[in-house]
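Presented below is the structure to which this report refers.
The values are calculated or read from the model by the stated rules, or taken from the named source; none is laboratory data. Just so it is clear, the model here is predicted, and its values are computed rather than measured. Using ideal geometry, Cβ is built from the backbone for each residue, glycine included, and neighbour counts are taken over all protein chains shown. Each accessible area value is taken on the protein alone, full model and side chains, heavy atoms only, with ligands, DNA and RNA left out. Shrake-Rupley method; radii C 1.70, N 1.55, O 1.52, S 1.80 Å.
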Amino acid sequence: MAQNLDTAPRTRPAPDVVEPRPAARRSAAPVWWRRPWVLPLGVVVFAFLSFVWPPYLGLDPKASLIPIRPDAPQHYPMLVAHIATGTIALVTVVLQLWPWLRRSHPAAHRLIGRAYVFAGVLPSALLAFFITPLSMGPSVGTTLGGVLWLFTTGMGFTRAVQGRVQAHRMWMLYSFAFAINIVWGRVFVVLLMSLGVQNQTIWGQVAGTAPWLGWVINLFLVQWWLNRTADRPLKEIV
């Protein structure tokens with residue numbers, strides 16, 4: 001006879017199966033080594049500074065890489081100060097573009113940013129305006145580059161104060177294009193030396209166009225990068 005359903009032994013329902021919790025998702029922010037340009041950029045800047053600084057460590061005007069005007073005693077001290085503040089600008093701008101430092105240590109990012117603006121860009125650009133007329137070949141390209149460097153940096157700093165982070169980073173990328181401008185001149189010189197070029201006309205053309213080509217090329221590359229990554233938030237690409 002079939003058991004009465006009321007008297008049939010009751011079976012406990014199977015306990016709920018506890019699904020294992022998914023592993024905590026890692027931060028979407030890429031680690032430092034996923035930014036392949038960070039290390040090469042640091043190496044290039046270090047190599048440039050290693051080339052520029054030795055002649056000036058002894059504070060001997062005769063060892064200067066740039067001819068010093070004998071009738072302008074202020075030329076050499078301003079040049080050394082320009083190189084010193086320019087060094088601050090180059091080192092701090094590389095640190096500012098390091099995503100790990102910006103995300104992990106925002107307070108340090110802000111402090112280094114102020115050093116870049118007020119101890120690097122501002123004095124270096126202003127000193128360049130006084131040095132250029134004393135140089136053997138005053139350059140409109142150098143002066144215009146300095147003006148635009150000040151402008152883009154000022155815009156970037158203002159946007160940071162306003163809390164407009166995306167606009168701040170965009171303007172600081174433009175500022176970086178002008179900060180790294182001087183490196184191109186040395187690249188052209190090393191390239192000509194490696195090719196064994198001794199033609200004075202070619203050297204003169206390089207000396208005349210480098211102040212223009214440096215920041216024009218950099219701006220083109222920055223704008224190309226911004227256009228290429230326009231569909232992504234800026235914080236994911238720099």
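Which of the residues belonging to the range 145-182 are of a type in the set (Ser, Thr, Tyr), open to solvent by 30 Å² or more (accessible area, probe 1.4 Å) and in contact (Cβ under 8 Å) with a residue 40 or more places away in the chain? Hit for the range 145-182 is 174, nothing else. At pLDDT below 70, in a helix (DSSP H, G or I), touching a Gly at 6+ places or on another chain (Cβ under 9 Å) and among the hydrophobic types (A, V, I, L, M, F, W, C), is that true of residue 178? Spelling it out, it is not the case that residue 178 is at pLDDT below 70, in a helix (DSSP H, G or I), touching a Gly at 6+ places or on another chain (Cβ under 9 Å) and among the hydrophobic types (A, V, I, L, M, F, W, C). Yes or no: residue 159 more than 15 Å from residue 180 (Cα to Cα), among the basic types (Lys, Arg) and modelled with pLDDT under 90? For residue 159, the condition - more than 15 Å from residue 180 (Cα to Cα), among the basic types (Lys, Arg) and modelled with pLDDT under 90 - is not met. Among residues of the range 37-57 that are on the phi > 0 side of the Ramachandran plot and open to solvent by less than 80 Å² (accessible area, probe 1.4 Å), none has a Cβ under 8 angstrom from a residue that is assigned to a helix (DSSP H, G or I) and acidic (Asp, Glu) at a sequence gap of 6+ or on a separate chain.
Only a single criterion out of (1) among the hydroxyl-bearing types (Ser, Thr, Tyr); (2) over 26 Å from residue 221 (Cα atoms); (3) in contact with a Gly (Cβ under 7 Å, 6 or more places away or on another chain) is not satisfied by residue 124, namely (2). In this entry, residue 98 passes the filter for residues that are modelled with pLDDT under 90 and of a type in the set (A, V, I, L, M, F, W, C). Where helices (runs of 4 or more DSSP H) sit wholly within the range 39-156, those with at least 3 residues that are of a type in the set (A, V, I, L, M), touching a Phe, Trp or Tyr at 6+ places or on another chain (Cβ under 8 Å) and under 18 Å from residue 177 (Cα atoms) occupy 75-96.
All of (1) open to solvent by 60 Å² or more (accessible area, probe 1.4 Å); (2) touching a Pro at 6+ places or on another chain (Cβ under 8 Å); (3) modelled with pLDDT of 90 or more hold for residue 76 with one exception: (1).
Within the range 215-223, not a single residue is among the polar types (S, T, N, Q), assigned to a helix (DSSP H, G or I), open to solvent by 30 Å² or more (accessible area, probe 1.4 Å) and at pLDDT below 90.
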